[in-house]
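Heads up, the thing below is written out as structure tokens.
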Amino acid sequence: LSFSPRPWHQKSRRRPVVLGALLIVLPPAAAAAERLDRFQGTARGRDGAVLYVESHDVRSVADRPSSATTTYRDPEGRVVAVLHTDFSRDPFAPSYRFEDLRRAAVEEVEVSAEGVSLGAGSRRRTLAATCNRASISLRMR
């Protein structure tokens, strides 16, 4: 092997082989790798007593949140509520489903190209998206 520098205009015979080897060894897109972050928070009352503990599992793709699950536990460790959040459509206006296990209640918001669907128990309402050149607004139907 020779390690002598080669002028920039001379082609190397090894370049295609090295590039091919890199394409085989490296993942398709390092930036598109999925990541799971976990963290926890504790809510306390004015007296310092623990009200609940929340555990967050946040999935990201290419450093952008795609979904999250937040589990709420009472001071004894029992799961009292779960929040599922979907950031895949819009990271600033996610769809979500909140389940309060103490009351067997569910609240949800689903964001789509057609608008926003709101739900609480058996009640449902859809706010349709209307578009014009100046703005995008939501209209109840």
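Taken together, the values in this text are just the output of simple stated rules run on the coordinates, not laboratory data. Owing to the predicted nature of the structure, the values given are computational and were not obtained by experimental measurement. For neighbour counting, all protein chains shown are included, and Cβ atoms are generated from backbone atoms with ideal geometry for every residue, glycine included.
Summary of values
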{"quantity": "Charged-residue dipole, Cβ positions (Lys, Arg, Asp, Glu), the range 42-105 about Cα centre, Debye nearest 20", "calculated": "80 debye"}
{"quantity": "Amide H contacts under 5 Å for residue 87, placed H, 5+ residues apart", "calculated": "67, 68"}
{"quantity": "Linear extension gain, residue 123 paired with residue 59, 0.36 nm per residue minus alpha-carbon span", "calculated": "20.0 nm"}
{"quantity": "Integer Hz, Karplus 6.51/-1.76/1.60 couplings in order for the range 91-105, x for Gly and Pro", "calculated": "x, 9, 9, x, 7, 8, 9, 10, 10, 8, 6, 5, 10, 6, 10"}
